[in-house]
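A short worksheet on the structure shown next.
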Amino acid sequence: MADPVGILKYPNPLLAAKSAPVESIDIRIRAIAHRMLSTMLMAPGYGLAASQVGVLKRMLAVDPGRIIGEPEPGPMVMLNPVVLETGGGALDEEGCLSLPGIYALVGRPTWMVLEYTNLVGKRLTMEADGYLARCLLHEVDHLDGILFWDRLPRSQRTVMKMKYFTRLEWVR
Ligand code: ZN
């Protein structure tokens, strides 16, 4: 299937793999971060995990301003993100750049606190709610090899996989 921006699609096995922590912020990590940001912006997407561009490092790109409909904060890369706290719960629609054409209502917390390292090595926290919290949790899942349909009941996931592969046949 044609893929103009180099985002891995299911069933690429890298999408099911667990990513390793970023040990030091060297030129390679900065280059990956730059590539993730440009890929996310070109897709366009709300967020992107490194595994989606074939790098098994705990890095995610997110565009909070675009998600919340504000100019700030702009697109950023988070290293070694850890979910410290979550609260609430709601169903909302999700899609994924690695599962083109597939959307589903997924249950997730509505509020979260995330700890992460920025690209200059500072450990920071971000509190998020609503769709931003959902996007961040979706991206953190990618770092553990979890796709959004893995959070659905098995019967629903089976139907979605059939739909996904039928669609792949159709566009090929
Ligand atoms: Zn995704």
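The values are calculated or read from the model by the stated rules, or taken from the named source; none is laboratory data. Quantities reported herein were computed from a predicted structural model and do not represent experimental measurements. Counting neighbours? That spans all protein chains shown, and the Cβs are built from the backbone with ideal geometry, glycine included. Note: areas computed on protein heavy atoms with side chains; ligands, DNA, RNA excluded. Shrake-Rupley method; radii C 1.70, N 1.55, O 1.52, S 1.80 Å.
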* Asked: What is region 59-106's relative contact order, in percent, from Cα pairs under 8 angstrom and six or more apart in sequence?
  -> 26
* Structure fact -> Farthest towards the positive end of the dipole of the chain, among ALA33, MET78, LEU56 and with Cβ unit charges of +1 on Lys and Arg and -1 on Asp and Glu, lies the Cα of LEU56
* Under 1.5 on a/c is rounded, so check that first for region 20-119, then, if it is not, pick prolate when a/b is larger than b/c and oblate when it is not; a ≥ b ≥ c are the square roots of the alpha carbon gyration tensor eigenvalues. => prolate
* Using a Gaussian network for the chain with springs between C-alpha atoms less than 10 Å apart, which of these wobbles most: ARG154, ARG58, ARG123? -> ARG154
* Asked: Can you tell which of LEU105, VAL120, LEU8 lies farthest toward the positive end of the dipole of the chain, using +1 and -1 charges on the Cβ of basic and acidic side chains (Lys, Arg; Asp, Glu)?
  -> LEU8
* Which value, in Å² and to the nearest 10, is the accessible area of LEU91 when all protein chains are kept and the probe is 1.4 Å? -> 120
* Asked: GNM, the chain, Cα, under 10 Å: largest mean-square fluctuation among PRO153, PRO11, PRO109?
  -> PRO153
* To do: Please report the relative contact order for the chain, taking Cα pairs under 8 Å with a sequence separation of at least 6, and give it as a percent rounded to a whole number.
  => 23
* **the chain: calculated mean residue ellipticity at 222 nm from DSSP helix runs of at least 4, using -39500 (n - 2.57)** => -10000 deg cm²/dmol
* For the chain, rounded, prolate or oblate, judged on the Cα gyration tensor with a ≥ b ≥ c (square roots of eigenvalues), a/c < 1.5 rounded, else prolate if a/b > b/c? -> oblate
* Most mobile listed residue (LYS161, LYS18, LYS122) in the chain, GNM with C-alpha springs under 10 Å -> LYS122
* Inter-part distance where region 24-42 and region 112-134 are each reduced to a Cα centre, Å -> 17
* Structure fact -> Proximal lysine pairs in the chain, meaning Cα under 23 Å and 8 or more positions apart or interchain, come to 7
* Can you give the charge dipole size of region 1-97 about its Cα centre, rounded to the nearest 20 debye, using +1 on the beta carbon of Lys and Arg and -1 on the beta carbon of Asp and Glu? -> 500
